[in-house]
Structure formats: C-alpha cells, structure tokens
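First up is the structure itself, then whatever we jot down about it.
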Amino acid sequence: MGYRCTRCDRSYALDETVWRCECGAPLGLDPGPGLEPSGVDDGDPSLWRYREALVVPPLEPGLRFGEGTTPLIERSWNGSSLLFKLDYLFPSGSYKDRGFAVMTGHLRRIGAGKVFVDSSGNAGASLAAYSAALGLDCTVYVPGGTPSGKTTQIEAYGAELVRVPGPREATAEVAVSGAPDGFYASHNWSPLFLEGVKSLAYELWEQLGHRAPGAVIAPLGYGSVVLSLDRGFRELEAAGSISGLPRLYGCQAEACAPFHRAYVAGDPAEGRLAPHEVGETVAEGVASSAPIRVPEVLEAVRRSGGGILAVSEEEILAALREVHRRGLYVEPTTAVAVAGATRILGGEEPPSFGGPPVVILTGSGLKATEKLARLRQRVGAGGRGALR
Ligand SMILES: [Zn+2]
C-alpha cells in the first residue's frame with residue numbers, strides 16, 4: 001500500500017514525506033480491505049475499533065483521546081425524520097479529530113517532528129490538539145477573520161498561530177510558500193486524513209445494525225466528509241458488508257459554492273471561483289473558493305445518486321436557529337448541512353431513502369460564541385430576528 005496520484009497514477013511509498021504528486025495533483029490511496037462485523041474490536045469504544053479497516057497502524061494507546069463513536073440520534077424535522085450524527089462531540093470540538101488522529105500518528109512514526117497547516121479554524125485546532133498529545137511542533141496559518149474561539153483554542157494547545165490577511169486561499173498560499181521546514185500536514189491534501197474520517201462510515205454502518213443509511217447530508221468545503229464516506233462505504237460494499245451505497249449530499253453556502261457550480265455545469269474546471277465571485281457567509285468553515293479534489297467529489301456524489309446543494313444565508317440561519325432549539329449547539333458552518341436537509345425533505349417530491357437520512361453535525365457552537373452573539377445582536381433589534 002502506498003500513495004497513488006489521482007491524476008498521473010505515479011505511486012509513492014507511505015513513509016515518503018510527500019504531500020502531493022510531482023505533477024501537482026493530490027495523492028490518493030488504494031481501497032482498504034473493508035470490514036465484516038466480526039472484524040470490529042468490540043472491546044475498544046473508540047474509532048480504533050475499526051483499526052483492521054485502516055491502511056496504517058493505529059495511534060499508540062497512550063497518545064489517544066478515546067476519539068470517535070459519537071451519538072446518532074433521531075429527531076422529527078418538518079414532518080419527516082432525520083438522524084443527527086453528533087460529530088461535534090470530539091476532543092477538539094469537530095469531526096476533524098477523526099482524520100488527524102490517523103494522520104498525525106503516521107507522521108510521528110515516519111519521524112516528522114514539525115508540522116504546519118492552513119485552516120479556517122477547526123482543522124488547525126485539531127492538528128494543534130494532536131500535536132500537543134504527540135509532542136509535535138505545530139504551526140497553524142488562519143485567515144485574518146477566523147473567530148477568536150478557534151484562534152484561542154489553537155494557541156491554548158501550544159501551537160504557533162499565524163494570521164494571514166485576505167481570503168481562505170491566501171492562507172493556503174502563504175502556508176505552502178512561507179514554511180520552509182516541517183511537514184505540510186494538510187487535511188485537504190493528505191489522503192491519510194480522509195483515511196481517518198472514513199471511520200465515520202464504519203461507525204454509521206455499525207450504529208445502524210450493520211447497514212448503510214439511505215442518504216448522508218454533510219457540509220461541503222473541501223470535500224473531506226463526502227470523500228471519506230465514499231471511501232468507507234465502498235470498502236464495506238466490496239467486503240460484502242452492505243448491499244448498496246448511501247446517497248451522498250454535499251451542502252455549500254450560495255455565497256461561495258464552487259462545487260455546486262461545477263456540479264451543475266458537469267465540468268470540474270468550473271469548481272474554482274475568482275475573488276469577485278465570493279460573497280459573505282456566516283459559514284466561514286466551508287467558504288473555500290478553490291477546492292482541490294473537485295473531480296473526485298463530483299464523481300463520488302454522482303456515483304452515489306446524491307447531489308450538491310447551495311443554500312442561502314436565510315436558509316442557513318433558519319436551520320441554525322431550529323437545530324439550536326433542539327438542544328444541538330453547533331457552529332454556523334454546520335447549519336449548512338441542516339439547511340440542505342430541510343430543502344431535500346421539503347421539496348415537492350422528496351426522495352425516498354428507505355429510512356431517515358443522516359445529517360453530519362461537524363463543529364461545536366462553543367467555538368463560535370462571539371459570532372453567534374453578534375448574529376443574535378444583529379437580528380435582535382427588529383424583534384423577529386433569525387436567531388430569536
Ligand atoms: Zn501525478
């Protein structure tokens with residue numbers, strides 16, 4: 001098993017410190033072995049119970065957080081039912097811990113002592129948390145407008161924080177060009193991050209009685225949730241452990257929806273926005289104007305029979321208010337998926353999934369206190385505000 005380029009098929013050994021192919025394209029991994037119910041380690045309550053499905057060894061027990069196995073709960077939603085996957089309940093407050101648990105363990109094994117990443121906040125916090133646990137020297141580049149809840153968390157873990165003015169993509173450029181030493185531990189580039197997040201598919205499979213859900217609805221920024229679910233469920237299907245793939249839906253904010261534009265156009269080349277095409281959104285965590293794995297995401301969504309949605313700020317705020325009122329305190333970015341679910345279920349002819357769709361709740365609202373407070377103030381003056 002090694003890395004394989006998603007464009008030119010060139011291969012690299014897993015212990016090489018590469019983060020992309022020489023041709024510039026992102027790297028991938030061949031499918032893992034999948035898992036049968038008997039292969040799950042019932043004695044381990046964390047995501048490491050699926051270690052036999054992973055293509056790299058698990059994190060050493062003394063370095064783990066007990067990450068994974070988040071609750072899956074059913075709630076009524078506008079006359080239908082939804083299953084909410086509470087993936088904001090992770091040590092660093094977002095699902096990204098799934099990916100960094102696997103990725104950082106591998107980096108430590110191959111001798112990377114210094115790591116850096118660019119992030120809209122949650123990935124930086126997650127890498128910083130694992131770097132603290134594993135003794136890695138960590139630097140996180142964030143856009144200037146990153147909420148203080150996230151930057152405070154990153155610095156509290158002991159990571160160095162570098163604020164970069166301008167949009168999300170400027171942060172990525174500075175990180176890659178400005179950090180001469182250390183390993184670029186990018187969740188958007190590393191296939192080992194996707195390898196870790198694929199535990200989400202295995203967890204859903206087990207929580208649903210060793211069956212795949214009919215559909216999964218997730219926020220879509222760079223595509224890691226959609227791609228990891230695609231990888232995990234395809235492995236389970238190849239192993240004969242499920243009989244079909246769930247429909248995968250990726251949800252973007254209308255203000256920054258390059259995947260949606262490429263999906264509608266049927267052309268991956270459309271999946272990149274110029275600065276003047278990017279608007280303001282409360283969902284800063286998915287506001288990625290130049291995502292990397294566009295062809296892969298489009299293929300995964302099409303193969304599953306799902307789709308890509310772009311929801312308005314009004315839909316996001318309404319979904320945020322509604323999900324908070326159910327006791328689910330998520331950050332605004334997460335509400336993009338809830339808004340997508342509302343739209344899918346509320347259409348004139350809602351699709352039948354053979355069971356409630358799963359909505360992935362990706363990030364905690366506790367990181368976005370200031371932003372949520374501002375939203376309440378903004379809408380509070382009129383008395384009928386979106387968050388009231
Ligand atoms: Zn290549």
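Computed quantities for the displayed model
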read-out	value
Zone residues, the range 271-303, relative to residue 148, backbone N less than 13 Å from point 7 Å out along Cα-to-Cβ	none
Alpha carbon convex hull of the range 32-108, volume per residue in cubic angstrom	117 Å³
Charge dipole (debye, nearest 20) of the chain; +1 at Cβ of Lys and Arg, -1 at Cβ of Asp and Glu	820 debye
Length released on extending from residue 264 to residue 74, taking residue separation times 0.36 nm less the Cα-Cα span	65.3 nm
Per residue accessible area in Å² of the chain, where ligands, DNA and RNA are left out and the probe is 1.4 Å	39 Å²
Solvent accessible area, Å² - residue 77, 1.4 Å probe, full protein context	0 Å²
Kirkwood Rh, angstrom, the range 11-162 [1 / mean 1/r, Cα pairs]	17.3 Å
Length-normalised contact order for the range 152-228 - Cα pairs under 8 Å, 6+ apart - percent	23 percent
Heavy-atom accessible area order for 163, 326, largest first, 1.4 Å probe	163, 326
Dipole of the range 1-140 [Lys/Arg +1, Asp/Glu -1 at C-beta], most positive-end residue of 138, 90, 102	138
Length-normalised contact order of the range 106-261 in % [C-alpha pairs under 8 Å, at least 6 apart]	18 percent
Cα-only Debye scattering, the range 122-237: base-10 log of I(q)/I(0) at q = 0.13 Å⁻¹	-0.61
Ranking by accessible area, most exposed first, for 316, 110 with a 1.4 Å probe	110, 316
Share of alpha-carbon pairs per 10 Å distance bin for the chain, given as whole %	5, 25, 36, 26, 7, 1
Between the range 260-276 and the range 1-53, the Cα center-to-center distance that results, in Å	28 Å
Percentage relative contact order, the range 50-90, counting C-alpha pairs under 8 Å, at least six apart	30 percent
Protein accessible area in the chain, 1.4 Å probe - carbon and sulfur %	48 percent
Rounded to the nearest 10 Å², the accessible area of residue 92 at probe 1.4 Å	0 Å²
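The values are calculated or read from the model by the stated rules, or taken from the named source; none is laboratory data. Quick caveat, the model's predicted, so the values are computed rather than measured. Don't worry about glycine lacking a Cβ; one is built from the backbone with ideal geometry, like all the others, and counts go over all protein chains shown. We work out accessible area using only protein heavy atoms, side chains counted, and drop any ligands, DNA or RNA first. Shrake-Rupley method; radii C 1.70, N 1.55, O 1.52, S 1.80 Å.
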